[in-house]
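Asker: Have a look at this one.
The values are calculated or read from the model by the stated rules, or taken from the named source; none is laboratory data. What you are looking at is a predicted structure, and each value in this text was computed from that prediction instead of being measured. Cβ atoms come from the backbone with ideal geometry, glycine included; neighbour counts cover every protein chain shown.
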Amino acid sequence: MPYSRFLGYDKGEDGTMVINEEQAKVVRRIFGLYISGRSPYLIARTLTEEGIPTVTGKKTWRPEVIRNILSNEKYSGSARLQKKYTVNYLTKELRDNNGEVPQYLVEDSHPAIIDPSVFEEVQRMMEERKTVKGRMSSATPFSSEIRCGCCGNWYGSKVWHSTDKYRKVIYQCNHKFDGGRKCDTPHFTEDELKGFFVKAVNLYCREKDEIIRVFEEIKDRVFDTAVLEKECAELETEMNVVTELIKNLISENARKVQDQKEYNRKYDALAERFEKAKAKHDEASSEISRLLAEREKTERFFRELKKLPDVVTDFNEDSWYGLVDFLTANADGSVVLTFKDGTEVGV
């Protein structure tokens, strides 16, 4: 049986979490699809269409299940304790812990299915998705991937003549007619958007070999974490030293009578010293995670770029998700594709 119906893990003989490799493939695929640009809605639809069962054996995947998997730190080999807390010890009532009591993250508590740097990148992407106004989960590759050059909002799909033979799907700004102000950006058909992608990729790929060469040459310097790792090690040593000093101070206070005002002064000074070191350590550690995630993201972009032929003739959905961050539509009908390495190409 799965470990508490937890996709990707079984319960071992000693009660520990053991990777269920068949289910782990599904977990890795979910993270891979999200990183490549698919929304939870599209991932759920893909798994459902392919007939892959959920951990409970259901045939239909729901977007919220995908979101829960993507945000669960257990897949990175860590366990967060006290996600829930007991409100009443007599009734055993449990509530979600929204800061009422401390939570603790235990790293390397069990085998990881997803590399921690990949997991961190997914969390960053999910947060960015929340904060970007109007960029919602998409039902097609182009929904919420096209930005209006007039108002800054995102395009969505609309169906014209939905009940007759002239039925047509177009993409236009979701706020085109809001508030009496009409955006001047045009609508596009799916074929037009695919054509923009093909043109932009071919323009970008004129210098593909040189771009790849330069990246390979500088990537170790750009994403170097050696200095930060040394800083983290030094701060960990400082934190351990201060922790011992605090323990000794408490122990001495318990053994003999002291001036409690002086004791509190020393304790507060040591506690402040510890918190300063911890804050710097957390900042450096966070920057290491950001750099590792950014490196993974950039290397994935270049892996996708290397797959492209010298001349692209057809739209490829995987290449779209792997290479393009978003497309900006301008009022004059031109578009600008922003690739995931930050390069902008106008068509």
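Asker: Could you count how many residues in region 247-285 are farther than 30 Å from Pro116 by Cβ and either of a type in the set (A, V, I, L, M, F, W, C) or surrounded by 15 or more Cβ atoms within 10 Å (Cβ to Cβ) (or both)?
Answerer: Looking only at that region, the number is 9.
Asker: For region 188-209, give me the residue count where each residue is acidic (Asp, Glu) and farther than 21 Å from Asp325 by Cβ.
Answerer: Qualifying residue count for the region: 2.
Asker: Let me ask another. Which residues, counting only those in region 267-309, are more than 21 Å from Val336 (Cα to Cα) and assigned to a loop (DSSP other than H, G, I, E, B)?
Answerer: Correct list: Pro309 only.
Asker: Write out, first by first residue and then by second, each pair whose Cβ atoms fall under 8 Å of each other, whose residues are 6+ apart or on separate chains, and whose first residue, in region 195-208, is within 13 Å of Val335 (Cα to Cα) while the second is among the acidic types (Asp, Glu).
Answerer: Here the result reads Val198/Asp314, each pair linking region 195-208 to a residue that is among the acidic types (Asp, Glu).
Asker: Would you tally the residues in region 303-319 being of a type in the set (S, T, N, Q), touching a residue at least 12 places away in the same chain (Cβ under 8 Å) and crowded, with 17+ Cβ neighbours inside 10 Å?
Answerer: Adding up the residues that qualify gives 1.
Asker: Taking region 184-197, which residues are part of a helix (DSSP H, G or I) and surrounded by fewer than 17 Cβ atoms within 10 Å (Cβ to Cβ)?
Answerer: Scanning region 184-197 gives Glu190, Asp191, Glu192, Gly195.
Asker: Another one. Report every pair of residues separated by at least 6 positions or lying on different chains whose Cβ atoms are under 9 Å apart, first residue within region 320-347 and within 19 Å of Val214 (Cα to Cα) and at pLDDT below 90, second crowded, with 16+ Cβ neighbours inside 10 Å and among the basic types (Lys, Arg).
Answerer: Pairs that qualify, where the first residue is within 19 Å of Val214 (Cα to Cα) and at pLDDT below 90 and the partner is crowded, with 16+ Cβ neighbours inside 10 Å and among the basic types (Lys, Arg), are Lys340/Lys297; Lys340/Arg300.
Asker: Go through the residues of region 327-341 one by one and say whether even a single one is exposed (fewer than 15 other Cβ atoms within 10 Å of the Cβ) and outside any loop (DSSP other than H, G, I, E, B).
Answerer: Checked region 327-341: no residue is exposed (fewer than 15 other Cβ atoms within 10 Å of the Cβ) and outside any loop (DSSP other than H, G, I, E, B).
Asker: Cβ-Cβ distance below 7 Å, separation of 6 or more or different chains: which pairs start in region 26-52 with a residue that is more than 20 Å from Glu121 (Cβ to Cβ) and end on one that is among the polar types (S, T, N, Q) and at pLDDT 90 or above?
Answerer: Here the result reads Thr48/Thr60, each pair linking region 26-52 to a residue that is among the polar types (S, T, N, Q) and at pLDDT 90 or above.
Asker: Report, by residue number, each residue of region 36-67 that is surrounded by fewer than 21 Cβ atoms within 10 Å (Cβ to Cβ) and part of a loop (DSSP other than H, G, I, E, B).
Answerer: Glu50, Gly51, Ile52, Pro53, Thr54, Val55, Thr56, Gly57, Lys58, Lys59, Thr60, Arg62
Asker: Given the criterion in a helix (DSSP H, G or I) and in contact with a Lys or Arg (Cβ under 6 Å, 6 or more places away or on another chain), identify the matching residue among Val201, Val214, Val242.
Answerer: Exactly one of Val201, Val214, Val242 is in a helix (DSSP H, G or I) and in contact with a Lys or Arg (Cβ under 6 Å, 6 or more places away or on another chain), namely Val242.
Asker: Please work out which one of (1) in a helix (DSSP H, G or I); (2) touching a residue at least 24 places away in the same chain (Cβ under 8 Å) is the condition Val18 fails and give its number.
Answerer: Among (1) in a helix (DSSP H, G or I); (2) touching a residue at least 24 places away in the same chain (Cβ under 8 Å), Val18 violates only (1).
Asker: Residue pairs, Cβ under 7 Å, 6 or more apart or interchain, first in region 272-292 and of a type in the set (Val, Ile, Thr), second surrounded by fewer than 16 Cβ atoms within 10 Å (Cβ to Cβ). List them.
Answerer: Ile288/Glu229
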